[in-house]
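K.L.:
Sending over a structure as C-alpha cells; questions will come in a sec.
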Amino acid sequence: MKITHILAAASAVGFLASTTAMAGPEAEVLHWWTSGGEAKSVAVLQQEFSDNGGTWTDMPVAGGGGDAAMTALRARVLSGNAPTAVQLKGPAIQEWYEEGVLADISDVAKAENWENLLPAAIAGHMKCEGTWCAAPVNVHRVDWIWANAKVLADNGISLPTTWDEFNAAADKLMAAGITPLAHGGQAWQDATVFEAVALGILGPDGFRKAFIDLDEATLTSDAMIAVFDQMRKMRGYVDGNFSGRDWNLATAMVMNGEAAFQIMGDWAKGEFMAAGKVPGKDFLCISTPGDGYLYNVDSFAMFAVKGDDKKAGQQLLAKLIMGKNFQKVFNLNKGSIPARTDVSLDEFDSCALLSSQDMATSNSNGSLLPSYAHGMALRGAQSGAITDVVTAHFNSDMSSADAVKMLVEAVKNSM
Ligand code: GAL
C-alpha cells in the first residue's frame with residue numbers, strides 16, 4: 001500500500017475520531033414550560049447542560065398542564081422517533097415504562113446516591129420495578145390561593161381560611177366590582193380548582209378514598225355533592241372571558257389587580273417572581289382551606305434511543321437534574337421547592353418555606369397527597385374521566401347530584 005494511501009487512511013480515522021469526540025452529549029428535550037417563569041426555569045437546565053459540553057435541542061410544546069405535550073409525545077413515539085428526554089410525571093412514567101420505551105438511569109441514581117437524597121414518596125414515583133426511570137426536578141404544591149395584596153387591603157379582606165370565608169370575601173369583591181377569582185377555562189385548570197375544593201371539603205382521608213382508591217361511596221357521598229355545590233359558587237366568581245384563558249394570563253390578572261385571587265399551583269409564584277413582584281408585599285399566598293398538601297413532582301424520563309451521544313446526553317441530564325446547585329437555582333425560578341432534601345432554603349421566599357414546612361407536617365400526619373389534577377394520583381384514563389365530569393359541570397348548569405352520578409359512571413367506564 002502506498003504511503004499516500006496509509007496517510008489518507010490515517011487522516012480519515014483521525015477525522016472520524018475527532019468528529020465523534022467533538023459531538024459529545026446531546027439531547028432533544030420535550031417539555032411544556034413556555035410561560036415567563038417556566039421558560040426562565042428550564043433555561044437553567046439548558047445552560048447547565050451546555051456548560052457541561054452538552055448540545056440541547058429544545059422541543060417546547062405550549063399548553064399549560066402538559067396535555068398538548070403528551071399528545072406530541074405519543075405521536076413521536078408511535079413514529080419510532082422518541083425524544084431523548086421528556087417531561088413526564090407520576091403514573092404516566094409507569095405507563096410508558098410498560099410500553100418498554102424508557103431507558104434505565106439506575107447507574108446515575110446509584111452513583112449520585114438519590115435513594116438517600118429524596119423523600120420516599122418522591123423516590124417511589126421515579127422507580128419502575130425497582131430500577132430508576134425518571135429524575136425528579138422539584139416539588140410543586142397545588143392547593144394554593146394567590147392574592148393581590150393591595151386589592152385585599154383596599155377592600156378590607158383577609159386571606160380566607162375556610163370556604164365560607166372565601167365565599168364571603170368573593171361576594172364582597174363582586175359588590176365592589178372586582179373579579180374575585182382569576183381563572184383560565186381549560187379542563188386542567190377546572191380540575192386544579194376542583195381538587196383544592198375537594199381536599200378542603202372531603203378532608204385528606206376523603207380525598208384519598210375518592211381520587212386514589214376511586215371509592216364509590218365517597219364519590220357519591222353528600223360531601224362530594226358539597227364539593228360540586230362549592231364549584232358552582234366558584235363558577236359565579238370568575239369573569240366573563242375566562243373560557244380558554246391560559247393559566248399565566250389569569251396569574252397576570254391578579255398581578256395587575258384585575259382580580260383578587262387565583263387558585264393555582266405554585267408555578268404561579270414563578271410568574272410573580274419573574275415579574276419582580278415580592279411575596280408578602282405585592283402578592284400573598286395561603287394554602288386553600290382545609291388540611292393536607294397536594295404535591296406535583298415534575299420529572300424527566302429518558303427514552304430508549306440509539307446513539308452513544310444521546311445516551312451520554314441522558315446520563316448527563318439525569319445527573320444535572322438532581323444536582324444540588326440546579327435543584328436550588330431552578331426551583332427559585334420555578335416557584336417550587338427542591339426535590340432533594342439536602343438543599344438549603346435560605347434563599348427561598350416565605351411561600352416556599354411555608355410549602356416546605358407544610359410538606360413535612362403533612363408527610364408526618366398522613367395528609368401528603370398526590371395531585372389528581374396534575375397526573376400524580378391516577379393513570380390517564382381515570383384522571384381524564386374525572387376531569388371530563390368536572391369541566392362539564394363547571395361549564396354548564398349541571399346539578400351537583402347529576403355531576404356525582406356522572407362522576408361515578410365515568411370512573412367505572414374508564415376501568
Ligand atoms: C404542571 C407542571 C408545572 C407547570 C404547570 C403549568 O403540570 O407540573 O410544572 O408547568 O403544569 O404548565
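K.L.:
Does A339 count as within 16 Å of the ligand (Cβ to nearest atom), surrounded by 15 or more Cβ atoms within 10 Å (Cβ to Cβ) and in contact (Cβ under 8 Å) with a residue 24 or more places away in the chain?
P.N.:
yes
K.L.:
For region 324-334, enumerate the residues that are out of contact with any Lys or Arg (no Cβ under 9 Å at 6 or more places or on another chain) and closer than 16 Å to N52 by Cβ.
P.N.:
Scanning region 324-334 gives N325, F326, V329, F330.
K.L.:
If you take the residues in region 15-57 that are modelled with pLDDT of 95 or more and among the β-branched types (V, I, T), which one is nearest to F303 (Cα to Cα)?
P.N.:
V29
K.L.:
Out of all the residues in region 249-285, which are out of contact with any Ser or Thr (no Cβ under 8 Å at 6 or more places or on another chain) and assigned to a strand (DSSP E or B)?
P.N.:
Matches in region 249-285: F261, F283, L284.
K.L.:
I would also like to ask the following. Got a sec? Which of F283, F300, F261 is closer than 23 Å to W32 by Cα and not hydroxyl-bearing (S, T, Y)?
P.N.:
Among F283, F300, F261, only F300 is closer than 23 Å to W32 by Cα and not hydroxyl-bearing (S, T, Y).
K.L.:
May I ask you to verify whether A377 is in contact with a strand residue (DSSP E or B) (Cβ under 8 Å, 6 or more places away or on another chain), in a loop (DSSP other than H, G, I, E, B) and not hydroxyl-bearing (S, T, Y)?
P.N.:
yes
K.L.:
Which of the helices (runs of 4 or more DSSP H) contained wholly in region 32-149 include at least 3 residues that are under 14 Å from the mean Cα position of the chain (by Cα) and within 12 Å of the ligand (Cβ to nearest atom)?
P.N.:
36-51, 67-78
K.L.:
Of all the residues that make up region 150-166, how many are crowded, with 19+ Cβ neighbours inside 10 Å and either assigned to a loop (DSSP other than H, G, I, E, B) or under 24 Å from the mean Cα position of the chain (by Cα) (or both)?
P.N.:
Of the residues in that region, 2 qualify.
K.L.:
Go through region 357-391 and give me each residue that's more than 16 Å from the ligand (Cβ to nearest atom) and surrounded by fewer than 17 Cβ atoms within 10 Å (Cβ to Cβ).
P.N.:
Across region 357-391, the qualifying residues are Q357, A360, T361, N363, S364, N365, G366, A381, D388.
K.L.:
Still on this structure, please answer the following. Which is of a type in the set (D, E), within 16 Å of the ligand (Cβ to nearest atom), surrounded by fewer than 23 Cβ atoms within 10 Å (Cβ to Cβ) and not assigned by TED's automatic domain parsing to the domain that holds I93, of D246, D291?
P.N.:
Going through D246, D291 in turn, just one is of a type in the set (D, E), within 16 Å of the ligand (Cβ to nearest atom), surrounded by fewer than 23 Cβ atoms within 10 Å (Cβ to Cβ) and not assigned by TED's automatic domain parsing to the domain that holds I93: D246.
K.L.:
Could I ask something else about it? So T218 fits all but one of (1) without any contact (Cβ under 8 Å) to a residue 60 or more places away in the chain; (2) not in a helix (DSSP H, G or I); what number is the exception?
P.N.:
Of (1) without any contact (Cβ under 8 Å) to a residue 60 or more places away in the chain; (2) not in a helix (DSSP H, G or I), only one is false for T218: (2).
K.L.:
Hey, S396 hits all of (1) in a loop (DSSP other than H, G, I, E, B); (2) more than 19 Å from the chain's Cα centre (by Cα); (3) assigned by TED's automatic domain parsing to the domain that holds L102 but one; which does it fall short on?
P.N.:
Among (1) in a loop (DSSP other than H, G, I, E, B); (2) more than 19 Å from the chain's Cα centre (by Cα); (3) assigned by TED's automatic domain parsing to the domain that holds L102, the lone unmet condition for S396 is (3).
The values are calculated or read from the model by the stated rules, or taken from the named source; none is laboratory data. Computed from a predicted structure; not experimentally measured. Cβ coordinates were reconstructed from backbone atoms using ideal geometry, including for glycine residues, and neighbour counts include every protein chain displayed.
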